[in-house]
Amino acid sequence: KKKLEELVDLPTKSTDELEQLSDRLRCLDEDKVRKEAELEALKQEIQPQIKKINEQREVISGELMEIKKVVNQWQSKVNISQSEMDLLTQEKTKKEQQLEEARQN
């Protein structure tokens, strides 16, 4: 709003004031160009780091998948072992009952 008011007031400004505004505008433009250059330099500096991080993320992701596969394989083996144990326990219980029945007879 202030800038709009300044534009509306332009015809009433003196030459000195117009030159000051022009200088100020030029300084702001130079500042903007410098800041954009700094920003671009920072982007260029950061880009390789971002690329490296993304590559590491991919490697870690792959390793994590391998670990999950191994864990799933072990889990399957544990589940099979648990099933075998359950069957053996059932057989043992059945044989103990048969033995107890044989003793009673």
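All of the numbers you see were taken from the coordinates with simple rules; none came from a lab. As the structure is a computational prediction, the values presented were derived from the model and not from experiment. FYI the Cβ positions are ideal-geometry reconstructions off the backbone, even for glycines, and counts take in every protein chain you see.
Remarks
- DSSP-assigned coil residues among GluC sites (Glu not before Pro) in the range 19-105, each with at most 13 further Cβ atoms within 10 Å: none
- Shape analysis of the range 33-105 based on the Cα gyration tensor places the equivalent ellipsoid semi-axes at 68, 9, 4 Å, largest first.
- Ellipticity estimate at 222 nm from DSSP helix runs (n ≥ 4, -39,500 (n - 2.57)) divided over the chain, nearest 500: -35000 deg cm²/dmol
- For the range 22-29, Karplus couplings with θ = phi - 60° (6.51, -1.76, 1.60), whole Hz, Gly/Pro x: 5, 4, 4, 4, 4, 4, 5, 5
- Fully extending the segment from GLN98 to GLN73 would add 5.3 nm, taking 0.36 nm per residue of separation and subtracting the current Cα-Cα distance.
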